[in-house]
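Take a look at the structure set out below.
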Amino acid sequence: MASPESAVNGPTMTAGAASKSLRNAFGGVIAFIILVLIGVLAFSIRLFSVIKYESVIHEFDPYFNYRVTQFLSKNGIYDFWNWFDDRTWYPLGRVIGGTVYPGLTLTAGTIWKVVNSLNIPLSVETVCVFTAPIFSAFASWAAYLLTKEVKGPGAGLTAAALLAMVPSYISRSVAGSYDNEAVAIFALVFTFYLYIKTLNTGSLFYATLNALAYFYMVCSWGGYTFIINLIPMHVLLCIVTGRYSSRLYIAYAPLVVLGTLLASLVPVVGFNAVLTSEHFASFLVFIIIHVVALAYYIKGILSPKMFKVAVTLVVSVGLAVCCAVIAILIAVVASSPTKGWSGRSLTLLDPTYASKYIPIIASVSEHQPPTWPSYFMDINVLAFLVPAGIIACFMPLTDSSSFVILYIVTSVYFSGVMVRLMLVLAPAACILSGIALSEAFNVLTRSIKFQLPGIAGNPSIAVRMWRKENGSSTVVAPNDIPKTEEAAKEKPAKKNRKKEKENVEKKPTPSKTEKRLLVLPLEASVIAVLLLVLLGAFYVVHCVWAAAEAYSAPSIVLTSHSNDGGLHVFDDFREAYSWLSHNTDVDDKVASWWDYGYQTTAMANRTVLVDNNTWNNTHIATVGTAMSSPEKQAWEIFHSLDVKYVLVVFGGVVGYPSDDINKFLWMVRIGGGVFPHIKEPDYLRDGQYRIDAQATPTMLNCLMYKLSYFRFVETDGKGFDRVRRTEIGKKHFKLTHFEEVFTTHHWMVRIYKLKPQRNRIRGKTKKSKSSRSVSSKRDVRGKRNPWH
Amino acid sequence: MGRSSTVKETQALFQSLRSAYAATPNNLKIIDVFVGFAVLTAIIQVVYMAVVGSFPFNSFLSGVLSCIGTAVLAVCLRIQVNKDNKEFKDVAPERAFADFILCNLVLHLVIMNFMG
């Protein structure tokens, strides 16, 4: 746009054009510096836990990823791809190569390999801990690129700055949170950017890149189904609102074909890419877009009369064929019990599905719906800016802005279903808030600029810039400059009836937009700018506070502040795991609730029965039944599974609320879901869950109670449980089938060993058919316990 | 009476379709033939699968999707090369063809990997 003007305007205007290109270059350099700073900000705000604690992997899931990465770095990619892990889900084992999303592990493994080949000696753990902050910097840059495609570089920089700091994303990508989302959010935003870029340019090159970025997303996270459903929804929206263009076809059709193929390459997805309902939307829209493309093509080559004839013919024939096809499709899909959808996807559509049918999914705390305060905690100020951003996207409505609107609407719905999906909302909220803030600053600074007296030394440049903002491409002739300068300074509400009339006739559109542009009063705009800056300051303060206090806990190490301000560290988990790794045989099996499975295999290096993957509900129910049964039955169950040690987490001494007694009801529910002799009301007194003297006998006799509270009275003499805030019911008892081998310093982890079978049983015959027939007579009236 | 007019209209419709299509340049017609060939190959594969069974499902999938993918990419090439498309006026046909080749390379690399 600069060249035609400078060519026409002659030598007096080259100075203006030169300064303009200098200003553009200057702006480009500043934008680059800002992007580098945003990357540094995104990286450093996530380092609080490394500073406060140490460079350690957090939580539960990251330990599994860390163990897999260790294996990959030690054994290479072929062994990793074909790895059958026999140290977990004993005796079933787990096909790691086929059930893990390899993106994160392969990324970290590649970084480790590259860095080590450059002779920088970083350990695998260091690479794993810092992968997430690095990729969050990349995600901010991807958000810049995406928003630049939608609205412009100013909005892009704002969106990138917001995404670097948003607490929701920080919570899943702190240094040490080595989980799939660390890489997946970058892949998500980058895929969307490439899709929008292809949509805007219509280039097949970007379509290829888009498919490859989608492949990286499929490798990284199960949330890729969001992409493969959102993009077809957007294509449908564009077709329905009459925005079909051949660029849309180029953006969508190669993505579907290449994307489906690439998705089937990943072993976790495999043939699900063509067989499950989650992908059917993409195929349906694929067919629809071909029909629409054909219709537009025929419309282009026929005359309008002939086209009408064609339409009537096609409609009459095609409708019959369509109905037949749809009927067949519905019959095929309806024949499967869940209509082809997986349990987790059904939970998204019907939030009550999981609690009714699949207790395991309902028990994960991340799968609960979020509370209202969590929205404010997680996206803070952006919650107010998003509606403004949505409105800004409508002026003007382009393909890319309609995509962003669709993205925010769907992600708001899904974040309302599962708190874990607030993470998908975060980039959308940042993009829209960036657009809103950028537009607001545009209007306010423009108002200030044109009302400050003598602001622009060369008013013609100011006017030309203003016209450029209006999007007019008309040429400004030299002799028009003085007249348009006056026009610029006048209030746009007044009509110009003076010498500018010829300008108005020649260029009607610029004058119309001049009239429509609002110029706010100077004081109001200055105050508004200051208030917006203040809003941003509040956001930054909240984000830094959230990163430092709320989301940097590694949860494997706990701290508390004592009364005199000292810091007390609870390192019980690692203490227990290192005891296990030093004092037990390599092949010993450890039973615990599934939460601790990943940590046990990664840190203690022992075989476990169940872990956080929760793929086998029956096996978890077996462990849950064992924990809910009396000692003898529990011993039988564990002995049949070759278990040597049982691990329980107990928070009663220090007040740690996430211990196994608090999770116990879930064990009962999950166990009762598979073994009907475990009934939840047996453990509740009047519908209330208690462990004090009023607890039911079933509760007081179950293994979990006994293992948690064995010798608990010795701590304070009264047995006062700090978490439940009561004294326990049964205080003095002995364990008959288990023996305590280790309790950590703060009693948080307790390890028990199964006592071996007695060689001689006094007074009774051997365990044989006779005792079984005796017990079976007794059990006839109640439900059969399959463990007898 | 209505039927004969609809028959006449249909005939006129097909006539105009044919004449309008005959007016398209030769290079576009070549691409169209290629698209038709690819779709025909895909249909033959589907019929074969219906007869023989889909046991190595990945082979079937890769075969069909390679044909459909080539067809789709050829249609994209046709869109970009077509001189009547004003949106792609400033895209040189060589650039469009280079993009087409690149995308086909990626597609067939994936196909060869997936075929098993």
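Summary value for chain B: 28 percent relative contact order, contacts being C-alpha pairs under 8 angstrom separated by 6+ residues.
Pairing chains A and B buries close to 3000 square angstrom of accessible surface in total, based on protein heavy atoms and a 1.4 angstrom probe.
By accessible area, using a 1.4 Å probe on protein heavy atoms only, the range A:151-224 has 70% of its surface on carbon and sulfur.
Backbone amide hydrogens, once placed in the peptide plane, bring residue A:741 within less than 5 Å of A:751, A:752, A:753, excluding anything fewer than 5 places away on its chain.
Structure remark: mean-square fluctuation, Gaussian network model of chain B, C-alpha springs under 10 Å; the largest value among B:75, B:51, B:39 belongs to B:51.
Its alpha carbons considered, the range A:561-626 gives a radius of gyration followed by a Dmax of 15.2, 49 Å. With contacts taken as Cα pairs under 8 Å at a separation of at least 6 residues, the range A:586-643 carries a relative contact order of 32 percent. Amide H contacts for residue A:721 (H built 1.01 Å from N in the peptide plane; partners 5 or more residues away or on another chain; cut-off under 5 Å): A:726, A:727, A:728. Per residue, the range A:645-685 exposes 32 Å² of solvent-accessible protein surface, assessed with a 1.4 angstrom probe and all protein chains in place.
Pairs A:113/A:644; A:197/A:308; A:197/B:83: which exceed 28 Å Cα-Cα?
Violating the 28 Å Cα-Cα cut-off are A:113/A:644; A:197/A:308.
Between the range A:104-142 and the range A:37-63, the C-alpha centres lie 13 angstrom from each other.
The contact residues of the range A:227-254, meaning those that lose at least 40 Å² of 1.4 Å-probe accessible area when all protein chains sit together rather than their chain alone, are A:246, A:249, A:250.
Accessible surface for residue A:51 stands near 130 Å², nearest 10, in the context of the full protein assembly shown (1.4 Å probe). Computed from backbone phi with θ = phi - 60° and the Karplus coefficients 6.51, -1.76 and 1.60, the 3J(HN,Hα) list for the range A:105-118 is 5, 5, 4, 5, x, 5, 4, 4, 5, 5, 5, 6, 6, 8 Hz; x is used for glycine and proline. Peptide B:91-98 shows a mean partner chain C-beta count of 2 within 10 Å per residue C-beta. For a 22 Å ceiling on Cα separation, which of these pairs sit above it: A:706/A:753; A:734/A:755; A:632/A:734; A:679/A:734? Distance filter (> 22 Å) returns A:679/A:734. Computing FRET efficiency as 1/(1 + (r/R0)^6) for residue A:442 and residue A:758, where r is the C-beta to C-beta distance and R0 is 60 Å, gives about 0.15. Taking the protein heavy atoms of the range A:607-754 in the context of the full set of protein chains, the accessible area attributed to carbon and sulfur is 49 percent at 1.4 Å. Averaging the Cα positions of each part gives two centres, and for the range A:716-746 and the range A:621-637 these lie 19 Å apart. Between residue A:608 and A:88, A:89, A:90, A:590, the built amide H atoms are under 5 Å apart, and every one of these is 5 or more places off in sequence or on another chain. Listed peptides A:183-189, A:54-60, A:665-671 appear in the order A:183-189, A:665-671, A:54-60 once ranked by packing, highest mean of other Cβ atoms within 10 Å at the front. Sequence-ordered 3J(HN,Hα) estimates for the range A:665-680 from the Karplus curve with 6.51, -1.76 and 1.60 and θ = phi - 60° stand at 4, 5, 4, 5, 5, 5, x, x, x, 10, 10, x, 6, 8, 10, 4 Hz, glycine and proline given as x. Per residue, the range B:1-92 exposes 63 Å² of accessible surface when a 1.4 Å probe is rolled over the protein heavy atoms with every protein chain present. Where does helix B:26-52 land angle-wise versus the long Cα axis of chain B, in degrees 0 to 90, nearest 10? Approximately 60 degrees, to the nearest ten.
Would you mind working out the accessible area per residue for the range A:56-198, using a 1.4 Å probe, and quoting it in Å²?
Values: 4600 Å² over 143 residues.
That works out to 32 Å² per residue.
Here the Karplus relation 6.51 cos²θ - 1.76 cosθ + 1.60, evaluated at θ = phi - 60°, turns the backbone of the range A:231-244 into coupling constants of 5, x, 4, 5, 4, 4, 4, 5, 5, 5, 8, x, 9, 5 Hz, with x for every Gly and Pro. Note on surface exposure: A:589, A:679, A:755 rank A:679, A:755, A:589 by accessible area, highest first, 1.4 Å probe.
Give me the residues in the range A:199-214 whose solvent-accessible area, probe 1.4 Å, is reduced by at least 50 Å² once all protein chains are included instead of the chain isolated. Residues losing area: A:204, A:205, A:208. The residues of the range A:256-271 occluded by other protein chains by 40 Å² or more of accessible area, set against the chain on its own, are A:257, A:258, A:261, A:265, A:271; surface from heavy atoms, 1.4 Å probe.
When a/c is below 1.5 the answer is rounded, else prolate if a/b is larger than b/c, else oblate, so apply that to the range A:232-331 with a ≥ b ≥ c taken from the square roots of the Cα gyration tensor eigenvalues. The shape class here is oblate.
The values are calculated or read from the model by the stated rules, or taken from the named source; none is laboratory data. Model, not experiment: these values are computed from the prediction. For neighbour counting, all protein chains shown are included, and Cβ atoms are generated from backbone atoms with ideal geometry for every residue, glycine included. Just so you know, the surface numbers come from the protein's heavy atoms only, side chains and all, with ligands and any DNA or RNA stripped out. Shrake-Rupley method; radii C 1.70, N 1.55, O 1.52, S 1.80 Å.
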